[in-house]
Amino acid sequence: MGLFSKKPENDRLPPGQLLTGRFPVLHYGSVPPFDPKTWTFRVWGEVERPLVMDWEEFSALPRTKLTMDIHCVTTWSKLDTEWEGVSLKTLLDAGLVVPTAEAKFVIQHAEHGFTANLPLEVVMAENFLLATGYADAPLTPEHGAPLRGVVGAIPGRKDLKDVYLWKGAKWLRGLEFTRTDRPGFWERAGYHNEADIWLEQRVNGD
């Protein structure tokens, strides 16, 4: 297969997408530095108690491996990508994160003040991961190391909401649980708030 291919595999390619064998690097702004001695991960807002973890504590959490198809709004798709990280379910099961009854949305906060918004049910689903590794190796800085939110499509799972890759924030530093939705960086720039890949919800008005 060349750089791009239009051939779908098992109806896994959403409309308007092209398959790629590469993993393009796309982001706004510079790659931030990472200092494990000062890095922290926070959870706050509509939770029973706030959480702050340093890198050593976060690295000690149980890991989940997940294979997903990822789809970028710029029209490339990559199938069967392999990720490793911490699922929100792990934090919930350990009692580290307990959302209140009023929690309906989750805002991902990343370096440079970047944010990405998702409904709570999407963040709590199996196809969202707090990722630290990709393809059996640690994330590279260009792909969001040390931590990024990643959301994709699990092959064969029709019960999950599949959204474009921008809905997962690189260089993630925290999750804010909220009662109301707040558009993230790209949504404020005109991207569609729902971002359903099968409906081609790329920009406002789609």
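The values are calculated or read from the model by the stated rules, or taken from the named source; none is laboratory data. Note that this is a predicted model, so its numbers are computed, not measured. We place every Cβ from the backbone using ideal geometry, glycine too, and count neighbours over all the protein chains shown.
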Please work out if Val97 is crowded, with 17+ Cβ neighbours inside 10 Å, under 22 Å from Trp166 (Cβ atoms) and at pLDDT 95 or above. no
Mind listing just one residue for me: the one in the stretch 1-37 that is at pLDDT 60 or above and aromatic (Phe, Trp, Tyr) and, of those, surrounded by the most Cβ atoms within 10 Å (Cβ to Cβ)? Phe23
Count of residues meeting criterion [in a loop (DSSP other than H, G, I, E, B) and over 11 Å from the mean Cα position of the chain (by Cα)] in the stretch 134-150: 6
In the stretch 31-89, which residues are among the basic types (Lys, Arg), assigned to a loop (DSSP other than H, G, I, E, B) and farther than 25 Å from Leu160 by Cα? Lys37, Arg49
Could you give every pair whose Cβ atoms fall below 8 Å, whose first residue belongs to the stretch 50-61 and is in contact (Cβ under 8 Å) with a residue 40 or more places away in the chain and buried (at least 17 other Cβ atoms within 10 Å of the Cβ), and whose second residue is aromatic (Phe, Trp, Tyr) and in a loop (DSSP other than H, G, I, E, B), counting only separations of at least 6 or pairs across chains? Trp55/Trp39
Against the condition at pLDDT 95 or above, surrounded by fewer than 20 Cβ atoms within 10 Å (Cβ to Cβ) and out of contact with any helix residue (DSSP H, G or I) (no Cβ under 9 Å at 6 or more places or on another chain), how does Gly156 come out, does it pass? no
When you look at Arg157, is it outside any strand (DSSP E or B), over 14 Å from the mean Cα position of the chain (by Cα), among the basic types (Lys, Arg) and more than 15 Å from His71 (Cβ to Cβ), yes or no? no
Residues to consider are Pro36, Pro14; find the one that is touching a residue at least 24 places away in the same chain (Cβ under 8 Å) and within 20 Å of Gly168 (Cβ to Cβ). Pro14
For the stretch 79-94, state whether one or more residues are out of contact with any Ser or Thr (no Cβ under 8 Å at 6 or more places or on another chain) and surrounded by fewer than 13 Cβ atoms within 10 Å (Cβ to Cβ). yes
Tell me whether the stretch 56-71 contains one or more residues that are among the β-branched types (Val, Ile, Thr), within 20 Å of the chain's Cα centre (by Cα) and either modelled with pLDDT under 95 or over 25 Å from Ala195 (Cβ atoms) (or both). no
Among the residues of the stretch 113-133, is there at least one that is within 23 Å of Thr40 (Cβ to Cβ), in contact with a Gly (Cβ under 7 Å, 6 or more places away or on another chain), aromatic (Phe, Trp, Tyr) and in a loop (DSSP other than H, G, I, E, B)? no
Filtered residues of the stretch 161-206 (kept if free of Cβ contacts under 8 Å to residues at least 60 places away in the same chain and more than 15 Å from the chain's Cα centre (by Cα)): Arg188, Ala189, Gly190, His192, Leu199, Gln201, Val203, Asn204, Gly205, Asp206
